[in-house]
Amino acid sequence: MKEQTITGHTKLTGLLGSPVAHSISPLMHNLAFQLKNLNYVYLCFDVGTKDLKTVTDAFRIMNVRGFNLTMPDKTRMFELADSVSPAAELIGAANTVVQENGKLTAYNTDGTGYMRAVQDAGYNIIGKRMTLLGCGGAATAIAVQAALDGVEQITLVNRQGPSFVRARQLADTLSTRTSCQVSICSLEDSTELKKVLDQSDILTNATPAGMAPHEEQCPLPDSSLLHPELIVSDIIYNPRSTKLMQMAQEVGCPVFNGLYMLLYQGAEAFRLWTGVDMPITDVKNAYFQ
């Protein structure tokens, strides 16, 4: 493999958010650039919402090729972009930007990353039924992409409160603008939730419940809601096996975590910037085992 060399022609990509020091995105992207012999570099920049417009305006002038966004910048970037992809428009948030001649086009690759991770795990959920826990940015991205890709039914499960109101709005939007049937269910209604899960093919946790350092948390009260034929996925990847996944395995459910969602959302951003496919197998072997 050719050693990466920074020259006067090197194109800059990176990650904006706060915090970002923990991100493995520089490792995966810079390895992929080297393997594909592309004169690009990927760096992290700790930038909060308050300074995002100043930084992205500077990026236009600097002719930065593109960048990723993580919390808390995704919604604000959607507002600052010159144009947005159909998925980003439905989600109302952006995690990837491509710069062309001073114009910023915003995309959201989180949902694409999740759907490719489902395929990587060996499952086909097109035309099937999904139950999705949460209605934050990641959950919204997954719901939108799943609906666009052809998942037949999605039930959004949230606690009563502001997130339940957002879930209702998202369900109405997706039911109107896609062919997917989207409904909502209260997490507190265990009888209805049990009925929904009995009819579901896949359960996806897109809440932070169970993420380090709160590994003891679980988004479901107990395993009686699960059945062995239900695929259980968690977008959390630290820890690799969440309490929800452990509970599901005890019931006999197949499970997978969010590590490959991270990989594939990055791979889609890589393709958007370079026009080249990321060398998935090599990157996976290096950083995702």
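Quick look at the numbers
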{"item": "Portion, in percent, of the accessible area of segment 74-192 that falls on carbon or sulfur, probe 1.4 Å", "result": "44"}
{"item": "Segment 158-223 - convex hull of alpha carbons, volume per residue in Å³", "result": "110"}
{"item": "Label-point separation, Ala21 to Ser190 (7 Å along Cα→Cβ), nm", "result": "4.3"}
{"item": "Separation of the Arg271 and Lys53 label points, Cα + 7 Å toward Cβ, nm", "result": "3.4"}
{"item": "Quotient of C-alpha Rg and 2.2 N^0.38 Å, computed over segment 22-91", "result": "1.22"}
{"item": "Segment 124-243, Cα convex hull volume normalised per residue, Å³", "result": "100"}
{"item": "Cα-Cα over 20 Å, subset of Lys74/Lys103; Lys195/Lys243; Lys74/Lys284; Lys11/Lys36", "result": "Lys195/Lys243; Lys74/Lys284"}
{"item": "Euclidean distance between Cα centres, segment 1-74 to segment 200-266, Å", "result": "30"}
{"item": "Taking only Cα atoms of the chain, radius of gyration then Dmax in Å", "result": "19.2, 63"}
{"item": "Listed residues Thr56, Thr112 arranged by accessible area, highest first, probe 1.4 Å", "result": "Thr112, Thr56"}
{"item": "Extension reserve of the Glu79-Phe288 stretch, reckoned as 0.36 nm per residue once the Cα distance is removed", "result": "72.0 nm"}
{"item": "Antiparallel bridge percentage (DSSP; both residues within the chain; nearest 5)", "result": "20"}
{"item": "Per residue value of the accessible surface for segment 1-118 (all protein chains in place, 1.4 Å probe), Å²", "result": "46"}
{"item": "Selection from Asn39, Ser183, Ala171 lying farthest towards where the dipole of the chain points positive, charges on Cβ", "result": "Asn39"}
{"item": "Whole-number Å³ per residue for the convex hull built on Cα positions in segment 47-125", "result": "95"}
{"item": "Sum of -39500 (n - 2.57) over DSSP H runs of 4+, divided by residues of the chain (222 nm, nearest 500)", "result": "-12500 deg cm²/dmol"}
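The values are calculated or read from the model by the stated rules, or taken from the named source; none is laboratory data. The shown structure was predicted, so the numbers you read here are calculated from the model rather than taken from an experiment. Positions of Cβ are generated from backbone atoms using ideal geometry, with glycine treated the same way; all protein chains shown enter the neighbour counts. Remember, those area values only see protein heavy atoms, side chains included, never the ligands or the DNA or RNA. Shrake-Rupley method; radii C 1.70, N 1.55, O 1.52, S 1.80 Å.
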